[in-house]
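Derivation of every value follows stated rules applied to the coordinates shown; laboratory data play no part. No experiment lies behind these values; they were computed from the predicted model shown. When we count neighbours, we look across all protein chains shown, and the Cβ atoms used for this are built from the backbone with ideal geometry, even at glycine.
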Amino acid sequence: MLELFFAELRCSWIQFRRYPVESISQIIFTSAIFYGLFVGAGYVAGSSFQLGDRLDSLVVGYMLWVLVNFVMANIAGGLQSEAQTGTLEQLFLSRYGAVQVFLMRGLAYLTLEVLKIVIILFIIILLTGSSLYFPPLLILPFISVLLGAYGFAFIIGSISLLLKRVQQLIPLLLFPLLFLLTIPTETWTGTPKFLALLIPMTPGAGLLRSLMARGDSLDLITLTIAFINGIVYFYIGISFFKVAEKQAKKRGILSGY
Amino acid sequence: MIALEAYSLKKTYRLNNQIVEAVKNVSLNIKSGEVVAFLGPNGAGKTTSIKMMAGLIKPDFGWTKISGINPHKNPSALENIGAVLEGNRNVYWRLNPQENLEYFGVLKGLTHNQARKSGIALLERFSLQNKRRTPVQQLSRGMQQKLAFAVALVHQPKILLLDEPTLGLDVEATEDVKVLVKEIAASGCAILLTTHQLNIAEQLADKIAIIQKGEIVTELPTDELIRKFSGKTYKIEIESVLDKERIAKLDKINVEVEGNRIIYISQPELIYQVFNILEPLQIKIVEKLEADLTQIFLKLVKEGNR
């Protein structure tokens with residue numbers, strides 16, 4: 001499996017070096033959207049526009065949203081484009097199995113995606129004046145969000161495998177995802193808070209907002225919940241994908257309609 | 001050594017509330033170094049059969065084994081399969097040939113170093129060394145197909161599955177592919193190729209299985225198949241075009257008409273009846289033929305349709 005990971009890593013860096021315009025335009029476009037929203041909000045609010053911690057919280061949420069988008073584009077979008085171009089069946093001929101291939105690919109591309117996110121974050125901080133904390137422990141809730149993101153991406157990937165066209169589905173999911181990752185569910189109480197813990201990635205996102213925007217210390221109970229949330233959605237995603245693979249082979253639609 | 005076994009493969013699809021039997025009953029055995037051609041018209045079930053054997057489509061009934069391992073039950077069987085599929089790119093166009101070979105080599109179970117070594121050897125064997133650093137999208141169609149072959153062989157599989165390997169290729173590229181197939185078989189790899197191009201099957205295959213409507217209608221060694229139908233066939237070519245009435249009369253006595261000018265008579269006793277039907281049309285050629293695969297194929301497919 002390590003050989004597979006390094007093979008995917010090599011591929012991802014080859015493509016990044018060979019087609020840098022794609023990554024550069026992604027970075028510029030993503031930074032510009034946030035800055036545009038920021039300037040727009042400032043115009044609407046007028047001279048009293050002071051977000052403080054709330055801006056920092058929004059920045060963290062937005063960056064997580066960007067990361068989830070990258071993960072979805074890589075797995076679900078990747079599946080669809082491979083089916084269209086005709087390399088998907090070769091992946092299913094791998095002795096590692098499709099799940100391992102896409103998982104290792106996802107992890108390998110993550111190195112590039114994290115680099116892009118760090119650059120975008122840096123640009124947004126410069127443009128908006130946001131200030132964030134970067135405690136080393138943030139890696140733990142970050143992993144829990146990633147687990148949920150991969151699980152979610154595999155669920156969408158399963159749909160892509162069976163229906164082949166998820167181009168309309170992905171944009172439809174973008175805005176609910178943005179909502180999920182930017183609203184401060186960690187400040188809720190009672191039943192809404194409990195429900196929020198069941199939504200994918202939300203507990204981990206809340207923890208990251210607390211750590212990075214407000215400089216709070218890491219709450220171990222919420223971290224445990226975030227990991228359980230991430231692992232459960234990851235397991236659901238992988239299971240869905242295995243079922244989708246079986247169905248696609250049964251229906252003979254692995255490559256196309 | 002048996003490289004591929006398939007037993008009673010069956011596949012049915014539900015399409016717009018209709019049941020389509022894509023494959024009814026396909027069984028096959030291929031030995032190491034043997035080239036078997038699946039010959040059949042479009043929609044006969046060739047691609048579905050080959051994909052069931054590769055583990056890409058789950059058969060409704062029957063089983064398949066690659067060197068004794070069922071690819072639907074044990075993914076390690078995939079280490080022994082290489083495939084070049086029709087309608088697919090099979091390789092990544094954004095990478096160059098060397099990168100493709102290294103990547104797919106690892107995907108098929110090799111280490112990076114093994115994949116690299118195997119890739120270099122294959123690039124040389126397939127005369128692609130000069131293009132090894134050219135992105136695949138800039139290569140000719142023929143070179144892309146050769147690379148697809150190389151990628152399918154990078155892990156030295158026991159069986160190579162080729163779905164319409166010469167489709168869309170020009171004459172030169174087709175000849176290259178034919179040479180490659182013969183070389184690969186000579187090195188001990190078993191090959192199953194599907195084609196609707198009769199001359200490809202005739203030139204490359206040791207054994208031909210003619211498939212029609214999901215079933216194998218005949219399976220014989222190539223020369224035996226041709227010998228079975230040879231020596232008795234007459235070909236008559238006329239100057240003008242046959243009218244519908246004459247075509248109907250010829251069809252009634254079970255004589256093949258091709259392109260409204262050429263008549264094939266596999267039963268010599270009918271030849272004078274045919275002359276009577278053709279009178280007084282001008283005859284261009286009358287000759288005794290060694291039957292080729294075209295005629296055998298047309299005859300068997302027509303019988304299958306009846």
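A few points about this structure:
- Prolate/oblate/rounded label for chain A (Cα gyration tensor, a/c 1.5): prolate
- Across the stretch B:86-96, rounded Karplus estimates of 3J(HN,Hα) from the backbone phi angles (6.51 cos²θ - 1.76 cosθ + 1.60, θ = phi - 60°) give 6, x, 10, 6, 6, 9, 8, 6, 7, 9, 8 Hz, Gly and Pro being marked x.
- Cα long-axis angle, helix B:97-107 against chain B (0 to 90 degrees, to the nearest 10): 80
- Listed residue pairs exceeding 32 Å between alpha carbons, taken from B:LYS108/B:LYS207; B:LYS11/B:LYS131; B:LYS213/B:LYS249: B:LYS11/B:LYS131
- C-alpha center-to-center spacing [the stretch B:84-119, the stretch B:248-292] in angstrom: 52
- Calculated from backbone phi, Karplus (6.51, -1.76, 1.60) coupling profile of the stretch B:252-262 in Hz, x at Gly/Pro: 5, 9, 6, 10, 6, 10, 10, x, 6, 10, 10
- Short-range pairs are left out: with C-alpha atoms under 8 Å and at least six residues apart, the relative contact order of the stretch A:140-257 is 46 percent.
- For B:GLU256, the residues whose modelled amide H falls within less than 5 Å of its own, excluding neighbours fewer than 5 places apart on the same chain, are B:TYR264, B:SER266.
- Euclidean distance of C-alpha centroids, the stretch B:148-202 and the stretch A:139-201, integer Å: 46
- Amide H contacts under 5 Å for B:LEU95: B:VAL136, restricted to partners 5 or more places along the chain or on a different chain, H placed in the peptide plane at 1.01 Å from N.
- Within straight-line cross-link reach of B:LYS10, aspartates and glutamates at Cα separation under 18 Å, skipping those fewer than 8 residues along the same chain: B:GLU21, B:ASP60, B:GLU215, B:GLU219
- Relative contact order, percent, chain B [alpha-carbon distance under 8 Å, six or more residues apart]: 20
- Relative packing of peptides B:178-186, B:192-200 - highest average C-beta neighbours within 10 Å first: B:192-200, B:178-186
- Translational diffusion coefficient (Stokes-Einstein; Kirkwood radius from C-alpha pairs) of the stretch B:231-289 at 20 °C, 1.002 mPa s, in µm²/s: 192
- What the phi angles of the stretch A:66-81 give under the Karplus curve with 6.51, -1.76 and 1.60, with θ = phi - 60°, is a coupling list of 4, 4, 4, 4, 4, 4, 5, 4, 5, 8, 5, x, x, 4, 5, 5 Hz, glycine and proline written as x.
- Between helix A:2-18 and chain A there is an angle of about 70 degrees, using the helix long axis and the longest principal axis of the Cα atoms.
- Rounded tilt (10° steps) of A:169-182 against the dominant C-alpha axis of chain A: 30
- Beta bridges per DSSP, both residues in the protein assembly as shown: antiparallel share near 65 percent.
- Within the stretch B:2-227, the proportion of Cα pairs with more than 24 Å between them is 42 percent.
- For the options A:LEU146, A:LEU64, A:LEU138, a Gaussian network treatment of chain A with springs between C-alpha atoms closer than 10 Å singles out A:LEU138 as fluctuating the most.
- Taking chain B as a Gaussian network of alpha-carbon nodes connected by springs under 10 Å, the highest mean-square fluctuation of the residues B:ASP206, B:ASP243, B:ASP223 belongs to B:ASP243.
- Size descriptors for the protein assembly as shown (Cα atoms only): Rg and Dmax, in that order, 30.5, 106 Å.
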